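Below is one structure, written out as structure tokens, with a few remarks after it.
A short reminder: the numbers here are calculations on the coordinates, not readings from a lab. Quantities reported herein were computed from a predicted structural model and do not represent experimental measurements. So basically every Cβ, Gly included, is an ideal-geometry build from the backbone, and we count neighbours across all protein chains shown.
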Amino acid sequence: MTVDAVDLIDLYAAEGGGGEEYEFPASDAQSRLLVLDQLNPGSPQYNVPVAFAVHGPFDTAAFGRALDALVDRHEALRTVFRTAEDGTPAQRVSAVGRVPLTVHRDVPADGADALLLAEAARPFDTSAGPLLRCTVYAVDDGSHRVLLVAHHLVCDGWSLGLMLEELSEGYRDTVRGLPHRPAELPLQFPDYAAWQRERAADGAFEASVRHWVERLRGAPATMELPLDRPRPAVRTAAGGTERFVFGAEVRERLAEVAAASGATPFMT
């Protein structure tokens, strides 16, 4: 198996490179996640991976250009995190950047999945970045496996679907030699974070805080659910997946409960 580095460039260059940088406050959700990341440094628990297989011709260089265009359009994908001078979490956005894209060639078909899992679990450095990376595995059966991994600080499950859709469109245009110029985004995530901080400074969230403090008064510290083994003294990320099918009657009842609670079926 051989490895090529394609556009293996730091998203946030050292001094003298990478263009101008901008600094914004982190959002509330990002601030909470940064605390958890600092409590358990080097953990892949907040990695957001997605992998897909390509059968047929695959232009790695064109895919890399489409990926760079995606990062150019979305500031969140060019972001790292630090502590500002006032001690609050801040996000630093690079004006330009490229995604590290590594290509593994001649990968045995029976070993591709293990390589994907290992790369998906490789942790990020949230202060150095980049917080998005891509690996392509050219398998010896002629197919390709493509793995994108982002840190949850800059991407969530919903955003991932939108990102893949935009990336697919960009790749298709690039391969065909067509210009790919999606509309400029009127707002970026740092705009939302700044708006959130302004509202907090104006006291807009105080009523919500008081509401939930009262509603949760006396709530148990842990949810004592029936378990099939004792709760460990220290929580781990070990777990599994159980799949089952709801009948129509149960699904309808769940939908009713969700609607009455103002929640999505997923939340319910």
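Computed quantities for the displayed model
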item	result
Lys, Arg +1 and Asp, Glu -1 on Cβ, resulting dipole of the stretch 52-161 about Cα centre, debye, nearest 20	280
Cα shape, the stretch 119-226, gyration tensor, a/c 1.5 rule	oblate
Simple spin-label estimate for Q38 and F58 in nanometres, 7 Å along Cα-Cβ	3.9
Dipole of the chain [Lys/Arg +1, Asp/Glu -1 at C-beta], most positive-end residue of H152, L167, V103	H152
Charge dipole magnitude, Cβ of K and R +1, D and E -1 - the stretch 2-192, Cα centre, debye nearest 20	200
Cα-based shape type of the stretch 59-171, given that a ≥ b ≥ c are square roots of the gyration tensor eigenvalues and the cut on a/c is 1.5	prolate
222 nm mean residue ellipticity, helices alone, for the chain (DSSP H n ≥ 4; -39,500 (n - 2.57); rounded to 500)	-11000 deg cm²/dmol
Most mobile listed residue (P179, P41, P190) in the chain, GNM with C-alpha springs under 10 Å	P179
Prolate/oblate/rounded label for the stretch 180-236 (Cα gyration tensor, a/c 1.5)	oblate
Dipole of the stretch 2-192, positive end: most advanced residue of L115, L70, T83 [Cβ charges, Cα centre]	L115
Isotropically averaged projected area of the stretch 2-192, using the convex hull of Cα atoms (one quarter of hull area), nm²	11.5
Coil-residue trypsin sites (Lys or Arg not before Pro) of the stretch 117-196, DSSP, other Cβ within 10 Å capped at 15	R176
Theoretical gain in end-to-end length, E85 to E224 [0.36 nm per residue, Cα-Cα removed]	45.9 nm
Contour excess over end-to-end distance, with Cα ends at A237 and L162 and 0.36 nm allotted per residue	24.3 nm
DSSP-loop GluC sites (Glu not before Pro) across the stretch 136-185, with at most 11 other Cβ within 10 angstrom	E184
Mean Cα-pair separation over length for the chain, i.e. relative contact order, pairs under 8 Å, 6 or more apart, %	25
14 Å beta-carbon shell around D86, net charge (K/R +1, D/E -1)	0
Neighbour-limited loop hits for trypsin sites (Lys or Arg not before Pro), the stretch 217-264 (at most 15 other Cβ within 10 Å; DSSP other than H, G, I, E, B)	R217, R235, R243
